[in-house]
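The next block holds one structure in the form of structure tokens; read it before the comments.
Laboratory data are not the source of any read-out in this text; all were calculated from the coordinates shown. All figures in this text were calculated on a predicted structure; none of them were measured in a lab. Positions of Cβ are backbone-derived with ideal geometry, glycine not excepted, and every protein chain shown enters the neighbour counts.
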Amino acid sequence: MSYVNRVISATSEKEFILGFIDALTGVDPRITCTTDLDELTEKLENESAGLPTFDISISGIMNLHFVRQTAYTGSYYVTVTSDNYRSGNICTCNLTFYAASCNVAAECQRNFKFSAVTNEKTVVLYFGHYNSAFPAETALAVMVTASGESNVCAGTTDSSGNLMSRMFYCQDGTRVNAYNRMGYVYNGSDCSALEMIRNKQFLTDGSGIRKMEMDGIYDSTYLYITKVPVLIGDAEFFVLAPYTIMPC
């Protein structure tokens, strides 16, 4: 259960990518790299071996595929997929790490920014461009939450990073919407008085029929701030969206 905010910075491609993978997978054991690191290192050291690519798995449910755009650009193209969604990609993103062109073999300052929020049920990742006002502006946000035999996942490239406004996908292929049951604004300053329901309800797409409840994330009174940790009583929560928080 944690909140991590990191900037990965290096001048060489090899140090940059291997450092990014190490930092990301070090956050939580459910975040793993499924790529052979020896093969990846060979591509990072030898341009003729092909463009560097690597895959990050979240809970074995969602996959993030990173591929260097070309040998002369400052970005990686990220494709987000899941067995839960069987109609193609959940979303794609061109994640920039440098202002202009940056040859694979060149020494230039590369940066990736990411935040990770995890608890027993849920993993949320936010990614930012090298020069973005992160985490206020995100390039990519993804989420996997599992409760009992059920799981849902979602991704978005909206700069707000509001995953709760996106469609979620269940392991049986069903599409669902996250539903807010606390539809009013909390105007006070004392977060300990904020009200919450200790699970999040998901409704089947278009029908309004309850599909499941996930206890890794909570309904809450409206909060104006998002993508930040807050103290509620003696416990720390992360504000995923105005009506949604998760213990971390």
### Task
Express in whole angstrom the spacing between the alpha-carbon centres of the stretch 68-108 and the stretch 120-171.
17
### Task
Return the calculated 222 nm mean residue ellipticity for the chain, to the nearest 500 deg cm²/dmol, obtained by summing -39500 (n - 2.57) across DSSP H runs with n ≥ 4 and dividing by the residue count.
-2500 deg cm²/dmol
### Query
Looking only at TYR85, TYR72, TYR130, which one moves most when the chain is put into a Gaussian network model with springs between Cα atoms under 10 Å?
TYR72
### Summary
Highest GNM mean-square fluctuation among GLU149, GLU195, GLU107, for the chain with Cα springs under 10 Å, belongs to GLU149
### Query
Counting Lys and Arg as +1 and Asp and Glu as -1, each charge on the Cβ, what is the dipole of the chain about the Cα centre in debye, to the nearest 20?
680
#### Entry: Residue of ASN131, ASN180, ASN151 that the Gaussian network model of the chain assigns the largest fluctuation, springs spanning Cα pairs under 10 Å
ASN131
### Query
In degrees between 0 and 90, to the nearest 10, how far off the longest principal axis of the chain does helix 13-25 point, with axes built from Cα atoms?
20
### Task
Can you check what the Kirkwood hydrodynamic radius comes to for the stretch 20-130, Cα pairs only, in Å to one decimal?
14.9
#### Entry: the chain, relative contact order in percent, only Cα pairs under 8 angstrom and at least six apart counted
14
